[in-house]
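Single-structure report; data block below.
Throughout, read-outs are computed from the coordinates displayed, never taken from laboratory work. Keep in mind that what you see is a predicted model, and the values were worked out from it rather than measured. Cβ atoms come from the backbone with ideal geometry, glycine included; neighbour counts cover every protein chain shown.
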């Protein structure tokens, strides 16, 4: 995995507003990669960004991350599902159009796919 891809993913996560979440699929589509690769970037390099704002399509996170995520969600006003396993994504999904605009600006300094040899 190249450094630019990692940087693109991490910059996108940094742009997710407090109180909002996106799915791995949303993140992957924005960056132009697959959801599994987005998850791999997050699991390897995502500890320094608001990782609790990236969830699976059901709004869930792995059990190992839930206790910390729930504390972050509470501070940001993100509601937890009755199951306790994740957040209510339908109520807290970020505005993906606004996120895409902000991400385009935030990554303008990075080489694009056409710029690579």
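In region 2-22 there is no residue that is surrounded by 17 or more Cβ atoms within 10 Å (Cβ to Cβ), free of Cβ contacts under 8 Å to residues at least 40 places away in the same chain and touching a strand residue (DSSP E or B) at 6+ places or on another chain (Cβ under 8 Å).
Residue-by-condition table, conditions (1) closer than 12 Å to residue 9 by Cα; (2) in contact (Cβ under 8 Å) with a residue 60 or more places away in the chain; (3) within 13 Å of the chain's Cα centre (by Cα); (4) surrounded by 13 or more Cβ atoms within 10 Å (Cβ to Cβ):
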| position | (1), (2), (3), (4) |
| --- | --- |
| 46 | yes, no, yes, yes |
| 61 | no, no, yes, yes |
| 75 | no, no, no, no |
| 78 | no, no, no, yes |
| 85 | no, no, no, yes |
| 89 | no, yes, yes, yes |
| 94 | no, yes, yes, yes |
| 103 | yes, yes, yes, yes |
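Filtered by the rule that a residue be in contact (Cβ under 8 Å) with a residue 24 or more places away in the chain, within 21 Å of residue 111 (Cα to Cα) and part of a helix (DSSP H, G or I), region 23-41 gives 27, 30, 31, 37, 38, 41.
Restricting attention to region 70-106, the residues being part of a helix (DSSP H, G or I) and either more than 14 Å from residue 56 (Cα to Cα) or touching a strand residue (DSSP E or B) at 6+ places or on another chain (Cβ under 8 Å) (or both) number 21. The residue list 26, 109 contains one member that is out of contact with any strand residue (DSSP E or B) (no Cβ under 6 Å at 6 or more places or on another chain) and surrounded by fewer than 17 Cβ atoms within 10 Å (Cβ to Cβ), which is 109.
Can residue 58 be described as part of a loop (DSSP other than H, G, I, E, B) and farther than 24 Å from residue 104 by Cβ? Spelling it out, residue 58 is indeed part of a loop (DSSP other than H, G, I, E, B) and farther than 24 Å from residue 104 by Cβ.
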